[in-house]
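The values are calculated or read from the model by the stated rules, or taken from the named source; none is laboratory data. The model shown is predicted, which means the values in this text are computed figures rather than measured ones. Here the Cβ positions follow ideal geometry from the backbone for every residue, glycine too, while neighbour counts run over all protein chains shown. Ligands, DNA and RNA are excluded from the accessible area calculation, which covers all protein heavy atoms including side chains. Shrake-Rupley method; radii C 1.70, N 1.55, O 1.52, S 1.80 Å.
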Amino acid sequence: TAYRLFVDLTDRTMLTLALAAPGSAEMRVVMARELARHGDEVPAIANYRVALQIAPQLPGVRFELAELLYNSNDESLRAQAEAEFNAALTVNPHDEKAELMLGEIAANRGDMKSAYDHETRALEMQPDDGDACTELAKVLISMHDTKKARQLLEHAIQIAPSNYVAHLRLGALDRLDGRMDEAEKENALFKKYKEMQDQLQRSE
């Protein structure tokens, strides 16, 4: 019932916006989100770009565009994501998620120093962000700082016990430290929560 109510209210909002301001940046963003939701990423990206031409400082839009680019299956589109995440930080220097994604991009290309810097800033902005904890922990493990990595992973699990990524990485640390019983427990929790997440996604 709550879901249907949300959908109905969203539809009404879209209709109202379409009638009141069909050429607005906000309308372009709404169109982009709907297109992205249905997997039409190229026209979605085009609508985000038009929205930004109309209103370059519109809050959150550059991050949404960057995230869509980053998750694209098209390599040429993925390559554009970093510039958009940087642009999101220009608009909002406190955009913790943009910092986190820039850290992930840097880590993927092997630039662990930049990854560490970005993800440390993200964690300073939001100390209780489980994603920031797990991503910084991953970088710290690669830099052989397993003690601090363990602290971050344990904190991530305290925040959200169902954080299966944190369980997976903590289990890997346990194996490195020879704590095989603990590693097995973490692996079991990883499988449990990952399966639950997959089931939820299939039911959407």
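Observations, loosely collected:
- Positive dipole terminus of the range 16-154, leading residue within F63, P127, Q53 (C-beta point charges): Q53
- For the chain, lysine pairs separated by 8 or more sequence positions, or belonging to different chains, with Cα-Cα distances below 27 Å total 25.
- The range 153-204 - Debye-derived log10 I(q)/I(0), Cα point model, q = 0.23, 0.26, 0.27 Å⁻¹: -0.78, -0.91, -0.95
- Percent carbon-and-sulfur accessible area, the chain, ignoring ligands, DNA and RNA, probe 1.4 Å: 54 percent
- Among (1) 1.16; (2) 1.04; (3) 1.00, the entry that matches Rg/Rh (Cα atoms, Kirkwood Rh) as calculated here: (2)
- FRET E, pair K191, N86, Förster distance 41 Å, beta-carbon r, rounded to 0.05: 0.65
- Surface accessible to a 1.4 Å probe, per residue, for the residues of the chain, Å²: 59 Å²
- With contacts taken as Cα pairs under 8 Å and at least 6 residues apart, the chain reaches a relative contact order of 9 percent.
- Note on the range 66-146: Cα convex hull, mean projected area over all directions, 5.2 nm².
- Comparing A98, Y164, N86 along the charge dipole axis of the chain, the residue lying farthest to the positive side is Y164, per the Cβ-charge model.
- Choice from I157, I54, I105 with maximal GNM fluctuation in the chain (Cα, 10 Å cutoff): I54
- Among the chymotrypsin sites (Phe, Trp or Tyr not before Pro) in the range 38-128, none sits in a DSSP loop with a Cβ that has at most 12 other Cβ atoms within 10 Å.
- Computed helical MRE - 222 nm, the chain, DSSP H runs ≥ 4 contributing -39500 (n - 2.57), nearest 500: -25500 deg cm²/dmol
- Cut-off 9 Å between beta-carbons: net charge of the residues surrounding E119, Lys and Arg +1, Asp and Glu -1: -2
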